[in-house]
Amino acid sequence: AVVSTQSTGTINNNNCTRMLSSPSIKLSSGNDMPVLGLGTYLARGEEVHNAVLHALKLGYRHIDTASIYQNEKEIASAIEKSGVPREEIFITSKAGPTQHGFDKIVAACEESLQNLQTDYLDLYLIHWPGVAKLQPSNPKNSEIRKTSWEAMEHLFKTKKCRSIGVSNYTIHHLEELFQHAKVFPSVNQFELHPLLKQNSLVEWCKSKGIVVEAYSSLGQGNLLDDPLLTKFSAKYHKTPAQILLRWAFQKGYVVIPKSVTFARIKENSEFFDFELSAEDVALIENMEGEKSKNFCWNPNVVV
């Protein structure tokens, strides 16, 4: 059974006949998004090709990439080789900081479509709220960001992208977007783990029907040796990574753990067959303490 979550979306676990049973979550666009995806950050060439191919064979049906990752062509090759029909795979890509602005966003999407050998993206995100070569404090970030979202809306209306969203947007950036948006983001992807719970941002997204997608769910590996997780690993007969991913799942988040190691790709998919107690979820919640910890980037500096 799927655990009831705090997500704004509705989770559906009745669509899986493969070895991997990954539920999906309903986006505000009306589309279903698998709650487990394969992250591909920093994975290139044959390495990412083989990782994606292996994940698809296991039953993954959600692949996360970005133009800045420079691996879209290898991902397309793996999808083709897998034999899995395109319509069964949820593909996310992102427009990077150098691609802000209406015309650049449209061109970036077209390039990603060509690289991925597809007519549409299931989800397209603005990767970062800041514009390349502008200081984070420059108010032009806000002006250009607005035209970028207008381009995203155009791509959505022309069906190049079935859902659109943002990544690394804070409450400030989202409040600004909601002042002018005609189509609202379906997803906000940002760093999220027990040492960086971002409760205010999560609650804001939930209140607006935005699905929360967590990256760095394992704290870039820094959380795996935590004594509490080691204790729960023994209790539940699961690895620390699986405990962390289960915690995120029970919170209602989409997760995209990145790995190119076959055994870890499989391990990261095996967290749907157990449930953390409410008490243990609360203990994991308290890992953050009084000071949160970013392992990646801090978008709060971007005006």
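Structure notes:
- Residues (charged (D, E, K, R) and modelled with pLDDT under 95) located in region 277-303: 285, 288, 290, 291, 293
- Screening the candidates 98, 92 for the property of being at pLDDT 95 or above, more than 13 Å from residue 302 (Cβ to Cβ), of a type in the set (Ser, Thr, Tyr) and out of contact with any strand residue (DSSP E or B) (no Cβ under 8 Å at 6 or more places or on another chain) yields one hit, 98.
- Residue ID - farthest from residue 50 (Cα to Cα), chosen from residues in region 264-303 that are open to solvent by less than 70 Å² (accessible area, probe 1.4 Å) and aliphatic (A, V, I, L, M): 303
- Qualifying residues in region 41-67 (those that are hydrophobic (A, V, I, L, M, F, W, C) and within 18 Å of residue 115 (Cα to Cα)) - the one most open to solvent (accessible area, probe 1.4 Å): 42
- Residue count, region 108-128 (criterion: open to solvent by 10 Å² or more (accessible area, probe 1.4 Å) and within 16 Å of the chain's Cα centre (by Cα)): 3
- Tabulated pairs, region 139-167, first within 20 Å of residue 213 (Cβ to Cβ), second among the polar types (S, T, N, Q) and modelled with pLDDT under 95, C-beta under 8 angstrom, 6+ apart or interchain: none
- Residue count, region 114-140 (criterion: in a helix (DSSP H, G or I) and in contact with a helix residue (DSSP H, G or I) (Cβ under 9 Å, 6 or more places away or on another chain)): 3
- Restricting region 129-169 to residues that are touching a Gly at 6+ places or on another chain (Cβ under 6 Å) and open to solvent by 40 Å² or more (accessible area, probe 1.4 Å) leaves a set whose member that is nearest to residue 216 (Cα to Cα) is 136.
- Residues that are open to solvent by 40 Å² or more (accessible area, probe 1.4 Å) and out of contact with any helix residue (DSSP H, G or I) (no Cβ under 8 Å at 6 or more places or on another chain), drawn from region 236-255: 237
The values are calculated or read from the model by the stated rules, or taken from the named source; none is laboratory data. Because the structure is predicted, anything quoted here is derived from the model rather than measured. Here Cβ is always computed from backbone atoms with ideal geometry, including for glycine, and neighbour counts include all displayed protein chains. Areas reflect the complete protein model, heavy atoms only, side chains present, ligands, DNA and RNA absent. Shrake-Rupley method; radii C 1.70, N 1.55, O 1.52, S 1.80 Å.
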